[in-house]
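S.K.: The structure is given below, and queries will be raised subsequently.
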Amino acid sequence: METEFIKALKCQPTDYIPIWLMRQAGRYLPEYREVRQSAGGFLELCYTPKLASEVTLQPLRRFDLDAAIIFSDILVIPNALGQKVWFEPGEGPKLSPIQTIADLPDFDPDKFLEFLDPVFQALDLTRSALPQDKSLIGFAGAPWTLACYMFNGQGSRDYQNVRNHARQNPKDFKKLLDLLVEAISIYLIEKIKAGANAIQIFDSWAGVLSCDEFDKYCVQPTTKIIEKIKTVYPDVPVIGFPRGVGFNYQTYIDKTGIDAVSCDQSVPLQEMQKMQNQVCVQGNLDNLMLLKGGAEMVEHANMICESLGDKPFVFNLGHGVIKETSPCNVSLLVDTVKKFKIGKNKNAA
Ligand code: CP3
């Protein structure tokens, strides 16, 4: 049975607007904080299938969301490639930075997948526990975004050092991107095998790239990953999230072969309407509007639904749920979107 969420991603008509939220599992939920504490560390939570599955399901117990996103992190890939990754309380993720691809051990696909086996187990457990009308999303960071963390060792405003490294050492950087394309592809294929019904690729830092870099570091590697997935699973939809790329959203759609694009809050609704002639769009309520809640949020959500609801559309935020957000606001948002009546000529294409 195909869910309304999967139908929307495939640009087929749906009975209502499907909704899920980036970071729907996380610290704004008291039940998440409890499990997180009992797990010890954040990575321990990611690598313990039962607990990862439990926190994946938590938001679906509270809210009428259409999809669960498997609880994990994009940084499990650098970790599985042999890089040290840790999370310091109150700070973001930390990695022992590499200076060249030579700092990584030789890639062994079997060892890589074995290291990530707890993630696949978590997917299997979660898919078995989910009702048939709910979908399960698997995800990975895109090569550029992973490379940012791998070289910089932590978050940054502009990743100028990583861009400079790539300019100064194009061959070394290309080798790393090729390795990441390979690793991400086999990881995502394995996630689908373990129960994922759709995939999202997070390119959270694509917005810092120049136009020529955008083609080389974002579009080309993403295109290759999609090709590889589609060879094995042609029917599993892939959502791309090249956050903050503005005009280049259109380039991304034209070139990568992506099924759906997730738009950040800066993308005008009229531009998203144009994209709907080619792909399904996802987004793009400002996460600060969700934090604020109330009538203003409801009005904004309805405006988004009115603009986009008659063509292929999945409701989401422009970026993840902020940890100070009240679960009541999430409940109000999900109910607002679920109550929205879509037009009769939905997806007429
Ligand atoms: O519910 C979900 O969306 C699924 C789980 C998920 C997490 N991280 C859990 C998480 C997903 C899809 C991610 C993706 C991710 N991780 C991205 C891409 C999306 C984006 O936000 O742009 C990135 C860049 C990362 C790297 C990362 N992991 C950062 C920057 C942080 C710190 C963020 C913060 O708010 O502190 C993390 C940690 C992290 N990943 C948390 C969660 C719930 C919070 C850690 C905790 O519980 O202590």
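S.K.: Limited to region 60-77, what total is found for residues that are more than 9 Å from the ligand (Cβ to nearest atom) and among the aliphatic types (A, V, I, L, M)?
M.R.: Initial filter on region 60-77 (more than 9 Å from the ligand (Cβ to nearest atom)): 60-67, 76-77.
Now drop any that are not among the aliphatic types (A, V, I, L, M), which leaves 60, 65, 67, 76-77.
The number of residues fulfilling the criteria is 5.
S.K.: Kindly provide the set of residues from region 85-107 that are part of a loop (DSSP other than H, G, I, E, B) and under 28 Å from Ile322 (Cβ atoms), ordered by number. Write out each step before concluding.
M.R.: Residues of region 85-107 that are part of a loop (DSSP other than H, G, I, E, B), as a first pass: 88-92, 96-100, 104-107.
Across region 85-107, the qualifying residues are Glu88, Pro89, Gly90, Glu91, Gly92, Pro97.
S.K.: Find all pairs meeting these conditions: Cβ atoms under 9 angstrom apart; at least six residues apart or on different chains; first residue within region 69-80 and farther than 15 Å from Leu104 by Cα; second residue crowded, with 20+ Cβ neighbours inside 10 Å and of a type in the set (Asp, Glu).
M.R.: Listed by first residue and then by second, the contacts come to Phe71/Glu54.
S.K.: Which of the residues that make up region 34-43 are loosely packed, with under 14 Cβ neighbours inside 10 Å and free of Cβ contacts under 8 Å to residues at least 40 places away in the same chain?
M.R.: As a first pass, look at region 34-43 and keep what is loosely packed, with under 14 Cβ neighbours inside 10 Å: 34, 37-38, 40-41.
Passing the criteria: Glu34, Gln37, Ser38, Gly40.
S.K.: Let me ask something else about it. Could you look through region 1-33, keep only residues that are within 12 Å of the ligand (Cβ to nearest atom) and out of contact with any strand residue (DSSP E or B) (no Cβ under 9 Å at 6 or more places or on another chain), and pick out the one that is farthest from Val337 (Cα to Cα)?
M.R.: Arg33
S.K.: Would you check if Pro109 is over 24 Å from Asn169 (Cβ atoms) and surrounded by fewer than 19 Cβ atoms within 10 Å (Cβ to Cβ)? Please lay out each step first, then the result.
M.R.: On the way: over 24 Å from Asn169 (Cβ atoms): yes; surrounded by fewer than 19 Cβ atoms within 10 Å (Cβ to Cβ): yes.
For Pro109, the condition - over 24 Å from Asn169 (Cβ atoms) and surrounded by fewer than 19 Cβ atoms within 10 Å (Cβ to Cβ) - is met.
S.K.: Looking only at region 112-139, filter to residues that are touching a Gly at 6+ places or on another chain (Cβ under 9 Å) and among the charged types (D, E, K, R); which one of those is farthest from the ligand (Cβ to nearest atom)?
M.R.: Asp124
S.K.: Sticking with this one: May I ask you to say which residue of Gln278, Gln273 is away from the ligand (no atom under 16 Å from the Cβ), closer than 30 Å to Tyr233 by Cα and part of a loop (DSSP other than H, G, I, E, B)?
M.R.: Gln278 is the lone residue from the list that is away from the ligand (no atom under 16 Å from the Cβ), closer than 30 Å to Tyr233 by Cα and part of a loop (DSSP other than H, G, I, E, B).
S.K.: When you check Leu29 against the structure, is it over 22 Å from Val334 (Cβ atoms) and surrounded by 18 or more Cβ atoms within 10 Å (Cβ to Cβ), yes or no?
M.R.: Answer is no for this residue.
S.K.: Still on this structure, I have one more. Within the bounds of region 139-146, is there any residue that is among the polar types (S, T, N, Q) and surrounded by fewer than 20 Cβ atoms within 10 Å (Cβ to Cβ)?
M.R.: no
S.K.: Something else about it: Of the conditions (1) among the basic types (Lys, Arg); (2) under 15 Å from Ile137 (Cα atoms); (3) near the ligand (Cβ under 9 Å from one of its atoms), Arg36 satisfies every one except a single condition; which number is it?
M.R.: Result: Arg36 passes all but (2).
S.K.: Restricting the search to region 74-84, which residues are in a loop (DSSP other than H, G, I, E, B) and more than 20 Å from Tyr159 (Cα to Cα)?
M.R.: Selection gives Leu81, Gly82.
S.K.: Go through (1) free of Cβ contacts under 8 Å to residues at least 60 places away in the same chain; (2) among the polar types (S, T, N, Q); (3) in a loop (DSSP other than H, G, I, E, B) for Gln24 and report which single condition fails.
M.R.: Gln24 satisfies all of (1) free of Cβ contacts under 8 Å to residues at least 60 places away in the same chain; (2) among the polar types (S, T, N, Q); (3) in a loop (DSSP other than H, G, I, E, B) except (1).
S.K.: Here is a further query. I'd like to verify a number: residues in region 17-34 that are charged (D, E, K, R) and closer than 14 Å to Leu317 by Cα, how many?
M.R.: 1
S.K.: Same structure again: Whether any residue in region 199-206 is in a helix (DSSP H, G or I) and within 12 Å of the ligand (Cβ to nearest atom) is what I want to check.
M.R.: Scanning region 199-206, I find at least one residue that is in a helix (DSSP H, G or I) and within 12 Å of the ligand (Cβ to nearest atom), so the answer is yes.
S.K.: Consider region 185-203. How many of its residues are among the aromatic types (Phe, Trp, Tyr) and touching a Gly at 6+ places or on another chain (Cβ under 8 Å)?
M.R.: Counting residues in region 185-203 that are among the aromatic types (Phe, Trp, Tyr) and touching a Gly at 6+ places or on another chain (Cβ under 8 Å) gives 1.
S.K.: Continuing with this model, one more query. Among the candidates Lys111, Lys50, Lys7, which residue alone is in a helix (DSSP H, G or I), closer than 30 Å to Ile304 by Cβ and of a type outside the set (Val, Ile, Thr)?
M.R.: Matching residue, one of Lys111, Lys50, Lys7: Lys7.
Read-outs throughout are calculated quantities, based only on the coordinates presented, and are distinct from any laboratory measurement. Remember, it's a predicted structure, so these values are computed and weren't measured experimentally. Cβ atoms come from the backbone with ideal geometry, glycine included; neighbour counts cover every protein chain shown.
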